[in-house]
Amino acid sequence: MCRLLAYQGIPQSIDRLIAKPEHSLIVQSYQPREMTAGVINADGFGIGWYHPEKDTEPFIYKHTQPIWTDINLPSVSRYVETGCMLSYVRSATPGQGVSLSNCQPFQDGKLLFIHNGFIDNFRGGLYKQIRDKLHQHIYQSIDGTTDSEHIFALFSNLLHTHPELPLEIALQQTLRLLRDLVEAERTTISANIVISDGERLIASRFAHRATVPSLYWIKNSIDYPDSVILASEPIFTDDWHVCPMQSIITVSKNLEIEIFPI
């Protein structure tokens, strides 16, 4: 079970987002408070961000080592500023290897994707079913072995087939399809997901036949005005809101928040 952090707002240094808060993502890697599976998040980490001025594809920095041991990250994260960022620390599901190809964020063009959760018995259950639904170019784009990347492939496949779909509807339909597959297979899924195209954040708090992982949001906090932060656990003391279970949460470029059921 991983820990997630996403930011949309005025440009900030990445360091100020992932390291400075008292219960930062780095602290959550070795001392999480609300994980429902696992103890620490030491199986790698990843950060994806968008340039605050240039219309380019996102940038990604990731590693298989624990985030607290990366001696390069403090310098990189102080240097880089962004108004849109996704980040996570990983606790690998048993049986899924620790490799760069299994580290998030995953990317498709301008889209970034992070996932906190799991599909139980993924290799023995939904692995082939998901792959059988993918177009060849999406199938071939999968580099790793995780359930997370296959969920993203299913989402990307839907968008490539129906490019007119808003991201939030594509995510909703993807999760509904996964729910049906999980129900038929009599297995379980949890899928807290955050997706961005650099303009918006689209997130879910979702599970079927499993405990729903924690997810919170806060807008215009005292120390981070003109912003929205999504986090698996509150990273500082303030008036955080619990994201409703079985819901989609959207954050617009203008920081408008909408929540609707899956």
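The values are calculated or read from the model by the stated rules, or taken from the named source; none is laboratory data. Everything quoted here is computed from the prediction, not taken from an experiment. When we count neighbours, we look across all protein chains shown, and the Cβ atoms used for this are built from the backbone with ideal geometry, even at glycine.
Which of the residues belonging to the range 61-110 are assigned to a loop (DSSP other than H, G, I, E, B) and touching a strand residue (DSSP E or B) at 6+ places or on another chain (Cβ under 7 Å)? Passing the criteria: Asp70, Val80, Arg90, Thr93, Cys103, Gln104, Pro105. Taken over the range 61-76, the criterion of being closer than 30 Å to Lys253 by Cα, within 19 Å of the chain's Cα centre (by Cα) and of a type in the set (Ser, Thr, Tyr) is satisfied by Tyr61 alone.
Here Gly124 clears all of (1) of a type outside the set (Ser, Thr, Tyr); (2) surrounded by fewer than 21 Cβ atoms within 10 Å (Cβ to Cβ); (3) in contact with a helix residue (DSSP H, G or I) (Cβ under 9 Å, 6 or more places away or on another chain) except the condition numbered (3).
Determine whether the range 185-199 contains at least one residue that is closer than 27 Å to Leu17 by Cβ, modelled with pLDDT of 95 or more, hydroxyl-bearing (Ser, Thr, Tyr) and assigned to a loop (DSSP other than H, G, I, E, B).
Checked the range 185-199: no residue is closer than 27 Å to Leu17 by Cβ, modelled with pLDDT of 95 or more, hydroxyl-bearing (Ser, Thr, Tyr) and assigned to a loop (DSSP other than H, G, I, E, B).
Close Cβ contacts (under 8 Å, 6 or more residues apart or on different chains) running from residues in the range 97-111 that are under 15 Å from His150 (Cβ atoms) and in contact (Cβ under 8 Å) with a residue 24 or more places away in the chain to residues that are in a loop (DSSP other than H, G, I, E, B) and among the hydrophobic types (A, V, I, L, M, F, W, C) comprise Asn102/Ala92; Gln104/Cys2. Candidates in the range 200-245 are the residues that are of a type in the set (Val, Ile, Thr) and outside any loop (DSSP other than H, G, I, E, B); of these, the one that is surrounded by the fewest Cβ atoms within 10 Å (Cβ to Cβ) is Val242.
Per the conditions (1) within 17 Å of Met1 (Cβ to Cβ); (2) in contact (Cβ under 8 Å) with a residue 40 or more places away in the chain, the sole criterion not satisfied by Gly83 is (1). Which members of the range 169-223 meet the condition of being under 22 Å from Tyr127 (Cα atoms), hydroxyl-bearing (Ser, Thr, Tyr) and over 13 Å from the mean Cα position of the chain (by Cα)? Selection gives Thr174, Thr187, Thr188, Thr211.
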